[in-house]
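Structure record follows, encoded as structure tokens.
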Amino acid sequence: MSKNLKALACIASILLASPAFAAWQLNMRPGITELSKQAYGLHMEILWICVAIGVVVFGAMIYSLIKFRHSKGAIADTTLLHSTKVEVIWTTIPIIILVFMAYPAARGLIKDEDMSGADMTIKVTGYQWKWEYDYLDQKVDFFSTLARDSNAARIKGSGIDPYSVPNYLLEVDHPLVVPVHKKVRMLLTAGDVIHAWWVPALGMKRDAIPGFINELWFRADEEGTYRGQCAELCGRDHGFMPIVVVVKSEADYAAWLNAQHAPPAEAAPNAPAAASAAAPATT
Amino acid sequence: MTATHIADANAHVHSNSHEHDAGHHGPMKGWRRWAYATNHKDIGTMYLIFSLVMFLTGGLMAMLIRAELLRPGIQLLDPAKFNSMTTMHALIMVFGAVMPAFTGLANWMIPMQVGAPDMALPRMNNFSFWLLPFAFTLLLLTLVVPGGSPAGGWTLYPPLVLQTGDSFPMAVFAIHLMGASSIMGAINVIVTIMNMRAPGMSLLKMPLFVWTWLITAYLLIAVMPVLAGAVTMLLTDHYFGTTFFNAAGGGDPVMFQHIFWFFGHPEVYIMILPAFGVVSEVIPTFSRKPLFGYDAMVYATASIAFLSFIVWAHHMFTTGMPLIGEMFFMMSTMLIAIPTGVKVFNWTATMWKGSISFEPPMLFALSFVFLFTIGGFSGLMLAMAPADFQYHDTYFVVAHFHYVLVPGAIFGIMAAVYYWLPKWCGHMYNMTLAKTHFWLSTIFVNVLFFPQHFLGLAGMPRRIPDYNTQFADWNFVSSIGGFCFGATQLLFVYLIWSTVRSGPKATDKVWDSAAPIGLEWTLPSPAPYHSFEEAPEIK
């Protein structure tokens with residue numbers, strides 16, 4: 001138990017250090033894009049509708065369980081077998097509720113899929129177990145893998161306390177950098193197996209499928225660092241290929257881009273060994 | 001272990017079959033009774049015991065998973081082992097625990113509920129059961145094969161699953177055997193129901209458990225071959241150079257997902273419809289009131305079965321379908337809420353103005369209705385594609401499907417066992433123990449799975465062996481709930497074992513104060529070896 005308390009103390013300190021990571025988090029966060037706020041709004045709307053239905057249905061059940069107890073001498077009304085009126089009502093009301101849910105959901109979906117008018121395009125390739133980001137038209141291309149300290153701590157028997165590692169398992173060597181307020185279109189594919197690119201604060205998740213190109217878009221409203229993980233089981237180290245997106249102001253982004261161009265030799269590696277080791281289907 | 005009792009049962013010659021039983025013998029002695037079993041009760045018993053063993057095996061794997069996830073950091077299982085534990089846990093629970101349990105219940109109860117002496121096809125019945133031990137031996141042997149057992153998730157998505165080592169064909173053949181077993185079980189159920197009902201029992205007079213199983217059986221026949229086909233295509237992709245699921249050869253990995261979920265979504269209902277049936281038997285009995293809206297219940301079940309075929313791609317919203325496809329699958333999925341709602345409302349209306357008592361089967365049925373409904377709510381949330389882009393492949397999904405499968409399917413099975421066990425073995429069980437099992441299970445299943453909603457909403461992906469410290473608290477709670485829930489199930493095993501061996505004699509109606517309706521209650525307890533040797537008359 002004292003170990004648990006120590007864990008709690010650790011969490012408290014992390015909480016102070018980084019307000020984005022609250023312990024005992026209960027709910028989704030609204031995030032920093034139109035799509036994430038839309039997902040959050042829809043989530044909350046449906047949640048409250050479900051809570052309301054739950055109150056009515058569970059209320060009726062609990063009332064029955066208290067009121068019509070055999071031990072309190074309740075006599076069953078065995079003539080109550082069926083009532084067309086009631087049955088029509090409780091079929092119609094859910095249909096009406098569903099229409100109210102379907103409308104915002106359909107609108108949201110149309111927005112999610114609207115890739116038009118993108119300011120820039122980044123190609124993401126998932127590999128076992130890292131991401132490659134290719135800024136199309138910018139000649140910037142780099143790999144993003146789990147940070148060294150996390151990678152050391154996550155080994156079985158490493159003896160390193162995960163609480164001592166900042167952003168344990170959610171830190172990378174080279175984060176994706178994007179400008180704020182720009183519509184970023186991501187093209188997703190994979191070199192070996194299916195991965196999925198997901199940063200909760202950006203509000204979109206898409207599978208990266210070998211041999212196919214998927215797309216998603218986001219427009220970050222706030223600067224900051226946002227973290228996510230691969231969201232499709234992709235083998236042994238599926239849990240260890242995080243995603244970090246740094247949203248910078250336009251000027252800072254331009255500076256970052258210039259810095260990337262400065263040493264061009266470093267930023268153009270070939271396909272990693274992991275890619276050729278995978279997918280033996282045709283060989 | 002039940003041998004003596006069934007032999008006992010045979011001694012109780014059913015009153016109206018006195019003059020007809022001259023040509024009937026009791027069960028064979030020793031191992032032959034089980035190996036050559038053609039009796040629906042013997043086969044049902046074997047199915048149920050098999051299911052219980054698999055439940056404990058899969059449960060043990062779940063305990064290992066929860067132990068690894070107790071704290072951040074890797075303590076017990078390296079990531080590859082962890083992945084094979086999640087994969088094997090799912091395959092064993094779905095195909096080894098839940099499905100055989102329902103087939104066992106069908107074997108025991110369908111002949112007794114439709115007034116038949118036995119199942120229609122007893123030798124196929126024997127074959128369909130005896131495939132299972134071989135299927136699961138094959139599957140479990142993958143744990144000791146070089147390269148490890150399948151670790152690509154129970155959904156077997158290529159290309160990842162094609163990286164499995166030598167255990168891959170073993171898993172595929174195990175699935176083939178399970179599928180063949182399920183199909184045969186389903187054919188037997190359909191033939192029995194269609195041909196062996198007592199005179200006067202029209203389809204719309206059948207008990208709800210029989211109805212739900214009839215519909216389930218059609219689902220099984222429709223989709224198990226689809227799964228068999230899908231895994232066979234994986235096999236040929238792996239070993240014979242086909243490229244069904246490989247883009248480099250003109251195939252498509254996502255096509256596997258379409259085929260898999262065309263099986264997978266009806267499969268979800270295969271695992272829940274018979275539980276609906278059980279609950280629809282138990283709630284009226286202990287409310288002392290017939291089921292409200294019987295016809296609506298039947299039509300709702302059929303509607304759910306139909307809809308289950310046109311919603312599969314809601315498992316695949318993130319694969320990048322065309323907008324119109326996402327719209328269709330979102331809307332069709334939402335429609336399922338309507339017939340499911342009808343069912344919950346009908347159960348509630350059955351209790352309304354009833355005379356309710358809280359015997360263990362009723363407790364489990366009530367817990368089922370409450371907690372399954374919570375699983376239904378999260379299902380509705382997951383149907384909303386724009387929100388699903390956030391929920392997909394997180395612990396929110398894990399919480400959702402465990403709510404519909406554990407306090408859903410498994411509690412349905414437990415309600416059935418507590419409802420009919422005295423009829424099967426002729427002994428009453430210890431009520432206090434059964435209620436203790438109920439309360440501990442219900443409390444801990446919520447401690448186990450409710451926090452997983454929070455984890456998913458906070459952004460924890462599923463199928464990861466280790467996590468950021470922000471997820472530590474709820475994982476700790478969930479694991480503690482898991483260990484307690486797991487330990488509680490040992491009570492269940494003990495209760496069944498001790499009840500089958502001994503206990504106060506159960507009456508023919510078992511639940512006398514509730515006067516249960518149904519042909520099974522007109523038989524003595526324990527039920528005779530050949531349930532109805534002479535067909536009862538239904539008015």
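Do you know which of the residues in the stretch B:294-303 that are more than 15 Å from B:Val369 (Cβ to Cβ) and free of Cβ contacts under 8 Å to residues at least 60 places away in the same chain is nearest to the other protein chains (Cβ to nearest Cβ)?
My answer is B:Ala296.
Looking at (1) of a type in the set (S, T, N, Q); (2) within 14 Å of chain A (Cβ to nearest Cβ); (3) in contact (Cβ under 8 Å) with a residue 60 or more places away in the chain, which one does B:Gln163 not meet, given that it meets all the others?
B:Gln163 satisfies every listed condition except (3).
Of the residues B:Met233, B:Met170, which is within 14 Å of chain A (Cβ to nearest Cβ), part of a helix (DSSP H, G or I) and open to solvent by 10 Å² or more (accessible area, probe 1.4 Å)?
B:Met233
Considering only residues of the stretch B:62-83 that are open to solvent by less than 10 Å² (accessible area, probe 1.4 Å) and part of a helix (DSSP H, G or I), which is nearest to B:Ala487 (Cα to Cα)?
B:Glu68
Name the pairs whose Cβ atoms lie under 8 Å apart, with the first residue in the stretch B:92-118 and under 14 Å from B:Thr57 (Cα atoms), the second open to solvent by 10 Å² or more (accessible area, probe 1.4 Å) and among the basic types (Lys, Arg), and 6 or more positions between them or separate chains?
Taking only residues 6 or more apart or on different chains, not a single pair turns up.
Listed here are the residues, each with its yes/no results for (1) facing chain B (nearest Cβ under 7 Å); (2) modelled with pLDDT of 95 or more.
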site: A:Arg206; (1), (2): yes, yes
site: A:Arg227; (1), (2): no, yes
site: A:Pro242; (1), (2): no, yes
site: A:Val246; (1), (2): no, yes
site: A:Ala265; (1), (2): no, no
site: A:Ala271; (1), (2): no, no
site: A:Ala274; (1), (2): no, no
site: A:Ala279; (1), (2): yes, no
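Looking only at the stretch A:32-46, decide whether some residue is assigned to a helix (DSSP H, G or I), within 30 Å of B:Ala300 (Cβ to Cβ), modelled with pLDDT of 90 or more and open to solvent by 40 Å² or more (accessible area, probe 1.4 Å).
So far as the stretch A:32-46 goes, yes, one or more of its residues are assigned to a helix (DSSP H, G or I), within 30 Å of B:Ala300 (Cβ to Cβ), modelled with pLDDT of 90 or more and open to solvent by 40 Å² or more (accessible area, probe 1.4 Å).
For B:Leu203, work out the one condition from (1) free of Cβ contacts under 8 Å to residues at least 12 places away in the same chain; (2) more than 30 Å from B:Ile283 (Cβ to Cβ) it doesn't fulfil.
Looking at each condition in turn, B:Leu203 falls short on (2).
Sort out which residues of the stretch B:295-327 are more than 22 Å from the chain's Cα centre (by Cα) and not aliphatic (A, V, I, L, M), and write them in order of number.
Residues satisfying the conditions are B:Asp295, B:Phe317, B:Thr318, B:Thr319, B:Gly320, B:Pro322, B:Gly325, B:Glu326.
To keep it simple, each residue is scored yes or no on (1) among the hydrophobic types (A, V, I, L, M, F, W, C); (2) at pLDDT below 95.
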residue	(1), (2)
B:Pro146	no, yes
B:Leu177	yes, no
B:Gly229	no, no
B:Phe260	yes, no
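Filter the stretch A:47-68 down to the residues that are under 24 Å from B:Ala515 (Cβ atoms) and either part of a helix (DSSP H, G or I) or open to solvent by 70 Å² or more (accessible area, probe 1.4 Å) (or both) and list them by number.
The initial filter retains those residues of the stretch A:47-68 that are under 24 Å from B:Ala515 (Cβ atoms), namely A:61, A:64-68.
Residues satisfying the conditions are A:Met61, A:Ser64, A:Leu65, A:Ile66, A:Lys67.
Quick one: which residue in A:Val199, A:Val184, A:Val193 is open to solvent by less than 40 Å² (accessible area, probe 1.4 Å) and more than 10 Å from chain B (Cβ to nearest Cβ)?
When all the criteria are applied, what remains is A:Val184.
Among the residues of the stretch B:478-506 satisfying the criterion of being part of a loop (DSSP other than H, G, I, E, B) and open to solvent by 20 Å² or more (accessible area, probe 1.4 Å), which is farthest from the other protein chains (Cβ to nearest Cβ)?
B:Ser502
Which residues, taken from the stretch A:51-102, are among the charged types (D, E, K, R) and at the interface with chain B (Cβ under 7 Å from one of its Cβ atoms)?
A:Arg69, A:Asp77, A:Glu87
Write out, first by first residue and then by second, each pair whose Cβ atoms fall under 6 Å of each other, whose residues are 6+ apart or on separate chains, and whose first residue, in the stretch A:101-129, is touching a residue at least 12 places away in the same chain (Cβ under 8 Å) and under 16 Å from A:Ile46 (Cβ atoms) while the second is assigned to a loop (DSSP other than H, G, I, E, B) and of a type in the set (A, V, I, L, M, F, W, C).
A:Ala105/B:Met384
Here's a check for you: in the stretch A:108-117, which residue that is assigned to a helix (DSSP H, G or I) and of a type in the set (D, E, K, R) is nearest to the other protein chains (Cβ to nearest Cβ)?
Out of the qualifying residues, it is A:Asp112.
State all residues of the stretch B:236-272 that are under 20 Å from B:His314 (Cα atoms), facing chain A (nearest Cβ under 9 Å) and surrounded by fewer than 22 Cβ atoms within 10 Å (Cβ to Cβ); if no residue qualifies, say none.
B:Asp252 - this is the single residue of the stretch B:236-272 that is under 20 Å from B:His314 (Cα atoms), facing chain A (nearest Cβ under 9 Å) and surrounded by fewer than 22 Cβ atoms within 10 Å (Cβ to Cβ).
Tell me, which residue of the stretch B:455-477 that is without any contact (Cβ under 8 Å) to a residue 24 or more places away in the chain and assigned to a helix (DSSP H, G or I) is most open to solvent (accessible area, probe 1.4 Å)?
Just the residues of the stretch B:455-477 that are without any contact (Cβ under 8 Å) to a residue 24 or more places away in the chain, to begin with: B:458, B:464, B:470, B:473-474.
Next, from what is left, pick out any that are assigned to a helix (DSSP H, G or I): B:458, B:470, B:473-474.
On the way: B:Ala458: 20, B:Gln470: 28, B:Asp473: 11, B:Trp474: 47 Å².
Among residues in the stretch B:455-477 that are without any contact (Cβ under 8 Å) to a residue 24 or more places away in the chain and assigned to a helix (DSSP H, G or I), the one most open to solvent (accessible area, probe 1.4 Å) is B:Trp474.
Can you pull out every residue in the stretch B:360-403 that is touching a Lys or Arg at 6+ places or on another chain (Cβ under 9 Å) and not in a helix (DSSP H, G or I)?
B:His392, B:Asp393, B:Thr394
Do we have A:Ala105 as within 8 Å of another protein chain (Cβ to nearest Cβ), open to solvent by less than 80 Å² (accessible area, probe 1.4 Å), under 27 Å from the mean Cα position of the chain (by Cα) and of a type in the set (A, V, I, L, M, F, W, C) here?
So A:Ala105 fits the description; yes.
Condition check ((1) farther than 12 Å from A:Trp129 by Cα; (2) out of contact with any Pro (no Cβ under 8 Å at 6 or more places or on another chain); (3) open to solvent by 30 Å² or more (accessible area, probe 1.4 Å)) across all residues:
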position: A:Gly228; (1), (2), (3): yes, no, no
position: A:Gly235; (1), (2), (3): no, yes, no
position: A:Val244; (1), (2), (3): yes, no, no
position: A:Lys248; (1), (2), (3): yes, no, yes
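Restricting to the stretch A:1-19, give me the number of residues that are open to solvent by 60 Å² or more (accessible area, probe 1.4 Å) and at pLDDT below 50.
Matching residues across the stretch A:1-19 total 6.
Please verify whether B:Tyr157 is in contact (Cβ under 8 Å) with a residue 40 or more places away in the chain, of a type outside the set (Gly, Ala, Ser) and not in a helix (DSSP H, G or I), treating the condition exactly as stated. Step through it out loud before you land on a result.
Details: in contact (Cβ under 8 Å) with a residue 40 or more places away in the chain: yes; of a type outside the set (Gly, Ala, Ser): yes; not in a helix (DSSP H, G or I): yes.
Here the answer is yes, as B:Tyr157 does meet what is asked.
I want to confirm something. Restricting to the stretch B:350-384 and keeping residues that are facing chain A (nearest Cβ under 7 Å) and more than 20 Å from B:Phe450 (Cα to Cα), which single residue is surrounded by the fewest Cβ atoms within 10 Å (Cβ to Cβ)?
Residue satisfying both the conditions and the ranking: B:Ser357.
Looking at the structure I just gave you, is B:Thr87 open to solvent by less than 10 Å² (accessible area, probe 1.4 Å) and under 14 Å from B:Leu140 (Cα atoms)?
Yes; evaluated as a whole, the condition is true for this residue.
Restricting the search to the stretch A:150-180, which residues are open to solvent by 70 Å² or more (accessible area, probe 1.4 Å) and in contact with a Ser or Thr (Cβ under 9 Å, 6 or more places away or on another chain)?
Within the stretch A:150-180, A:Pro166, A:Asp173, A:His174 meet the criteria.
Can you pull out the strands (runs of 3 or more DSSP E) entirely within the stretch A:120-222 that have at least 1 residues that are more than 22 Å from B:Gly456 (Cα to Cα) and among the small types (Gly, Ala, Ser)?
A:120-127, A:140-144, A:183-190
The values are calculated or read from the model by the stated rules, or taken from the named source; none is laboratory data. This is a predicted model, so every value here is computed, not measured. As a convention, Cβ positions derive from the backbone with ideal geometry for all residues, glycine included, and neighbour counts pool all protein chains shown. In case anyone asks, the SASA skips ligands and DNA or RNA and just uses the protein heavy atoms, side chains included. Shrake-Rupley method; radii C 1.70, N 1.55, O 1.52, S 1.80 Å.
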